[in-house]
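Report on the following structure.
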Amino acid sequence: MKRVIKLRFEIQVDVSKCIGCGQCVSACINEVYELVGGKSVPKRPENCVYCRACIVKCPVNAIKITARDIHAPFARFYEK
Ligand code: SF4
Ligand code: SF4
């Protein structure tokens, strides 16, 4: 039987740090983020593939992404 491992990612933006620069919006090829009221909002977290481009680009380290998985033991490999 074929087993499919499906990962989901919980994306948190610390709005107290976010300066609304839009770097995460342009870095994410999967269009996860939108700027709303000058802050980044992860509108489509289901699109995330954990490439980490947004984390690397954010100048104030405001983004945290955590794996939420049907196979929970793997989650720790994806925590920042
Ligand atoms: S980790 Fe990659 S796919 Fe996920 S939100 Fe960041 S840039 Fe987008
Ligand atoms: S890159 Fe960081 S500071 Fe810039 S909009 Fe995204 S979360 Fe905010």
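What follows is calculated from the coordinates using simple rules that are stated; it is not laboratory data. What you see is a predicted model; the values in this text were computed from it and never measured. With ideal geometry, Cβ positions are generated from the backbone for all residues, glycine too; neighbour counts draw on all protein chains shown.
Taken one residue at a time, the phi angles of region 37-54 give Karplus couplings (6.51, -1.76, 1.60, θ = phi - 60°) of x, x, 10, 7, 10, x, 6, 10, x, 5, 7, 5, 10, 6, 7, 6, 4, 5 Hz. Gly and Pro are set to x.
May I ask you to compute the full-extension gain from Ile29 to Val60, defined as 0.36 nm times their residue separation minus their alpha-carbon distance, rounded to one decimal in nm?
Values: separation 31, 0.36 × 31 = 11.16 nm, distance 2.03 nm.
Value of the extension gain: 9.1 nm.
Going by neighbour counts of Cβ atoms within 10 Å, the residues Cys21, Cys51, Cys28 line up, fewest first, as Cys51, Cys21, Cys28. Maximal additional length on extending the Ile19-Ala53 stretch stands at 10.5 nm, based on 0.36 nm per residue less the C-alpha distance.
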